[in-house]
Amino acid sequence: MSSNTVLEVKELCKYFDVKGGIKGKQRVLAVDGISFEVKKGETFGLVGESGCGKSTLGRTILRIYEPTKGKIFFEGQDISGLSRKKMHAYRRKLQMIFQDPYASLNPRFTVGEIIEEPMVIHHMYTPEKRRQRVQELLETVGLKPDHIRRYPHEFSGGQRQRIGIARTLALEPDFIVCDEPISALDVSIQAQVINLLEDIQKRQGISYLFIAHDLGMVKHISHRIGVMYLGHMVESGGADDVYRHPLHPYSKALLSAEPIPDPNTARSRHRILLEGEIPSPMHPPAGCPFHTRCPYAMEECSQAAPATYELEGRRVACFLYSPRYLRQREGLAIEPLLQKTS
Ligand code: SF4
């Protein structure tokens, strides 16, 4: 792990046991063997369809859910097996911004109390210093000093998300999981919240894991992107590289479905329509998890899961990028598989 790495996740798994039904106890493989790292001051964007395990991954990293297997290193320290008591010291440093700003704010507390509460729980500062911090945080997120005495229901969705961000920043975190923080907001407000998160990152050097299903938005805010499918990370790499030249067949399909504002560009884009439903994480297919919907699937794809191959700073879990297949296509490199989108 480099000294610049804030978070490293190794082969992380989160399974849920589900009781009931005619089959009795069953297992949901929500996150299955994911590895990646996030550097200081970096945003790692996580995309994938609903139910692919993005939010579960974020919550498992923060130990809201206990990991089933695998390791989580925060600033070099293995936090995956820490007791609740020992984990308390890390809670300050590892924070989360939630999707629904209203549900995450206590309606009976004033804005001042909501922002101050985490500092009280973590015994930070004197009461006077805390009040001063609350004022500073309101200013940081673009709210007015007199908002301190108001209640959450008096604010718009965008303002409530700002209150949520101020509360998260109160603990001076180094790493924040942003779990679809803009999807409940109007489009006009989304850009404001994104700009605010970027400003805060520039000033304070915080690292984000930014979860969303909108690849365009993730590309805008992220330095690197990971694409998830059925609890697996199928591709990761630089945001521009993944967005412009996705390698994994699923990333290509995801990108081809992105809405494009320019009608001419939209007309020229080849849309890849995936057949069939996402398999249930309770009964994932054998072999490559994407083989039931992959337009390139070969016989071996249903028999064994592909390893994750490294290609010029990219990681991709697909047999088409194994050394054997790349050798077979020697001279053609990987071009024929790239669906250029610009
Ligand atoms: Fe498709 Fe096979 Fe690659 Fe999986 S391993 S994405 S099924 S080509």
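Anisotropy class assigned to the chain is prolate, per the alpha carbon gyration tensor with a/c at or over the 1.5 cut-off and a/b larger than b/c. Listed by chain and number, the lysines whose alpha-carbon sits under 26 Å from that of Lys202, ignoring those within fewer than 8 places in the same chain, are Lys39, Lys40, Lys54, Lys93, Lys129, Lys144, Lys219.
Using a 1.4 angstrom probe on heavy atoms only, work out the carbon and sulfur share of the accessible area of the chain in %.
Values: 8410 of 16810 Å².
The computed percentage sits at 50.
Straight-line reach from Lys86: taking Cα to Cα under 18 Å and skipping same-chain neighbours fewer than 8 places apart, the lysines in range are Lys71. Here the range 1-98 carries DSSP beta bridges of which approximately 100% are antiparallel, counting only pairs with both residues inside.
Considering only alpha-carbon pairs that sit under 8 angstrom and 6 or more positions apart, the relative contact order computed for the range 42-104 is 17 percent. How would the range 3-43 be classified by its alpha-carbon gyration tensor: rounded, prolate or oblate, with rounded meaning a/c under 1.5 and the a/b versus b/c comparison settling the rest? Here the range 3-43 falls in the prolate category. Taking the DSSP beta bridges with both ends in the chain, the antiparallel portion is around 65 percent.
What number comes out for the charge environment of Tyr309, summing +1 per Lys or Arg and -1 per Asp or Glu over other residues with Cβ under 12 Å away?
On the way: positive: Arg314, Arg315, Arg324; negative: Glu235, Glu310, Glu312.
Every neighbour counted, the sum reads 0.
Please state the shape class of the range 122-182: rounded when a/c is under 1.5, otherwise prolate if a/b exceeds b/c and oblate if not, all from the C-alpha gyration tensor. Oblate is the answer for the range 122-182, as a/c is 1.5 or above yet b/c matches or exceeds a/b.
Any chance you could list the semi-axes, whole Å, largest first, of the equivalent ellipsoid that the Cα gyration tensor gives for the range 1-105, using √(5λ)? The partial results should precede the final answer.
Working: eigenvalues 124, 57, 47 Å².
In descending order, the three semi-axes are 25, 17, 15 Å.
Rounded to the nearest 500, the 222 nm mean residue ellipticity of the chain from helices alone is -9000 deg cm²/dmol, with -39,500 (n - 2.57) taken per DSSP H run of at least 4 residues.
If the viscosity is 0.890 mPa s and the temperature 25 °C, what Stokes-Einstein diffusion coefficient in µm²/s follows for the range 43-178 when Rh is the Kirkwood radius over Cα pairs?
Numbers: Rh = 16.1 Å.
After rounding, the answer is 152 µm²/s.
Summed over the residues of the range 56-177 and divided among them, the accessible surface reaches 50 Å² per residue at a probe radius of 1.4 Å.
The values are calculated or read from the model by the stated rules, or taken from the named source; none is laboratory data. Here the structure is a predicted model, which means the values were calculated and not measured. So basically every Cβ, Gly included, is an ideal-geometry build from the backbone, and we count neighbours across all protein chains shown. For accessibility, only protein heavy atoms count, side chains too; no ligands or nucleic acids. Shrake-Rupley method; radii C 1.70, N 1.55, O 1.52, S 1.80 Å.
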